[in-house]
1. What is the percent carbon and sulfur in the accessible area of segment 114-253, measuring with a 1.4 Å probe over the protein chains and ignoring ligands?
2. Evaluated at 37 °C with a viscosity of 0.692 mPa s, what Stokes-Einstein diffusion coefficient in µm²/s does segment 187-231 have when Rh comes from the Kirkwood expression over alpha-carbon pairs?
3. Taking amide H positions as placed 1.01 Å from N in the peptide plane, with prolines and chain starts having none, which residues 5 or more places from Phe138, or on another chain, fall under 5 Å of its amide H?
4. In debye, nearest 20: dipole of the chain around its Cα centre with unit charges on the Cβ of K, R (+) and D, E (-)?
5. Scan around Ile129 for amide H atoms under 5 Å from its own, H built in the peptide plane at 1.01 Å from N, and keep only partners 5 or more places away or cross-chain.
6. Using the Cα atoms of segment 148-253, I'd like the radius of gyration and the largest Cα-Cα distance, Dmax, both in angstrom.
7. Rank Met41, Met91 by accessible area, highest first, at a 1.4 Å probe radius?
8. From the phi of every residue in segment 28-39, what ³J(HN,Hα) in whole Hz does the Karplus formula 6.51 cos²θ - 1.76 cosθ + 1.60 yield, where θ is phi - 60° and glycine or proline is x?
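The values are calculated or read from the model by the stated rules, or taken from the named source; none is laboratory data. What you see is a predicted model, and the numbers here were worked out from it, not measured in a lab. Ideal geometry is used to build each Cβ from the backbone, glycine not excepted, and the neighbour counts take in all protein chains shown. These accessible areas exclude ligands, DNA and RNA; they are computed on the full protein's heavy atoms, side chains included. Shrake-Rupley method; radii C 1.70, N 1.55, O 1.52, S 1.80 Å.
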Amino acid sequence: MLKKRIIPCLDIKNGKVVKGICFENLKEVGNPATLAKRYEMQNADEIVFLDISATEEEREILKEIIEEAASTLSIPLTVGGGIRSLEDFRMILRAGADKVSINSAAIQNSELIQEAAKEFGTQCVVVAIDAKRMGNDFKVFCSGGKINTGKNLVEWAIECERLGAGEILLTSMDRDGTKNGYDIEMLEAVCQNVRIPVIASGGCGSMENIVEVFQKTKCDAALVASLFHYGEVTVNQVKEELEKNKIKVRRAV
């Protein structure tokens, strides 16, 4: 069994890390580079930066923030938000990121997934999917969760894998920031239909939620925000809890 990853997620707006509930009511929680380094010291496996307003504001992601963080980190850094072209991929990777996450751009131009995978390798391409329960189905949203694309979640995830995505970062919009736990049904629906790693996102409110997502789904990693940002637990404490529950994790050498 592959070891599970714990990945702190830093949503960035106007150069600051923010956190909200169901993509609304955002509050500032700190400096991106400072928080990223803190989480690395706590034994995080990777860091994710998401510039959550770049797409909506039709601007480039903040290159300086990536460079500042990447210069101090030795763990992988994934960056997303506002990516629209191969040139954007190139700029972010040159700034020091290890992976690039695309969401709205992948929906608007699915060929970008294929082109990026061919140019930079599938390991660099993460497709982020924001999904919401609509009746008995899960639908894909874009533009910061504001537009219902009408796409079926599982079908879109399968298509992303076919086009060359190396990972899927799946966020439940219904659970985002609620601390009510990950959407197990949504995550497992995707995990059962793709072979690439799936990162669980949205709803983590306790260490028990993280244990549950690994026990009840085939997710490879758990994305965590509020729990770490507000100092409720550390990454190391989460990993200790996972080990107690016989879930394999990566530990500092």
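1. Details: 2740 of 6110 Å².
Carbon and sulfur together cover 45 percent of it.
2. In µm²/s, the coefficient is 299.
3. Placed amide hydrogens put Leu153 under 5 Å from Phe138.
4. With only Lys, Arg, Asp and Glu charged at Cβ, the dipole is about 620 debye.
5. The answer is Leu169, Leu170, Thr171.
6. 14.2, 46
7. On the way: Met41 145, Met91 35 Å².
Correct descending sequence by accessible area is Met41, Met91.
8. 6, 10, x, 8, x, 5, 5, 5, 4, 5, 4, 6
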